[in-house]
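Step one of this worksheet: look at the structure below.
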Amino acid sequence: MLPIVIVQQTNYNMQNHNHSALIQKLLDCALACENCATACLHVEDVAAMVRCIALDRDCADICTQAARLLKRNSEIGHQYLVLCEEICRMCAAECGMHQHDHCQQCAKASNVCADACHAHHHPITQD
């Protein structure tokens with residue numbers, strides 16, 4: 001008689017996925033945004049940088065929160081990445097319009113993070 005093998009079905013969930021690389025990209029983006037916002041405060045025409053600073057701050061906060069949610073295996077972690085991708089793309093677009101080195105570095109980090117979030121997020125559901 002052949003042995004019976006029971007295969008346990010597991011849904012893809014956050015506990016079965018290593019988020020280390022994604023969390024690092026989120027934190028790299030948050031730091032680049034913080035650096036950019038701080039540097040923007042010291043440019044000659046700071047008034048022209050107001051939207052950049054605001055988006056930098058929002059992006060840094062949202063990326064940091066996303067990293068926290070993923071680290072603690074939150075049930076909404078992957079859905080939160082939808083929002084994170086959106087703010088990263090907004091920040092990258094704004095920073096990309098400025099020629100300051102810190103803005104260009106922030107735009108690059110934000111695009112990398114947005115792409116990583118896109119690759120990992122799940123749709124937002126209201127079940």
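The values are calculated or read from the model by the stated rules, or taken from the named source; none is laboratory data. Because the structure is predicted, anything quoted here is derived from the model rather than measured. Here the Cβ is made from the backbone with ideal geometry for all residues, glycine too, and neighbour counts use every protein chain on show. Ligands, DNA and RNA are excluded from the accessible area calculation, which covers all protein heavy atoms including side chains. Shrake-Rupley method; radii C 1.70, N 1.55, O 1.52, S 1.80 Å.
Think of each Lys and Arg Cβ as +1 and each Asp and Glu Cβ as -1; about the Cα centre, that makes the dipole of segment 62-119 roughly 220 debye.
Measuring nothing but how far apart in sequence close Cα pairs (under 8 Å, 6+ apart) lie, relative to its length, the chain scores a relative contact order of 29 percent. Specify which residue in the list Ala109, Leu41, Cys52 is farthest towards the positive end of the charge dipole of the chain, using unit charges on the beta carbon of Lys, Arg (+1) and Asp, Glu (-1), about the Cα centre. Checking the options against the dipole of the chain, the answer is Ala109. Once the Cα-Cα distance is subtracted from the 0.36 nm per residue extended length, the Ser20 to His42 segment shows a gain of 4.6 nm.
Label reach from Ile124 (point 7 Å along Cα→C-beta): in segment 39-83, amide nitrogens under 15 Å belong to 62-63, 66, 76-83. The long axis of helix 77-96 is offset from the longest Cα principal axis of the chain by roughly 20 degrees. For the residues Leu31, Leu41, Leu70, a GNM of the chain with alpha-carbon springs under 10 Å puts the largest fluctuation on Leu41. Under a model in which nothing but the beta-carbon of Lys, Arg (+1) and Asp, Glu (-1) is charged, the chain shows a dipole of about 420 debye around its Cα centre. Once the 1.4 Å probe is applied to the protein heavy atoms, the chain comes out at 64 Å² accessible per residue.
As a fraction of the 1.4 Å probe accessible area of the chain, surface on carbon and sulfur atoms comes out at 54 percent. Mind telling me which of Ile53, Ile76, Ile62 comes out most flexible in a GNM of the chain, alpha-carbon contacts under 10 Å? It is Ile76.
The value for the chain of Rg(Cα) / (2.2 N^0.38 Å) is 1.33.
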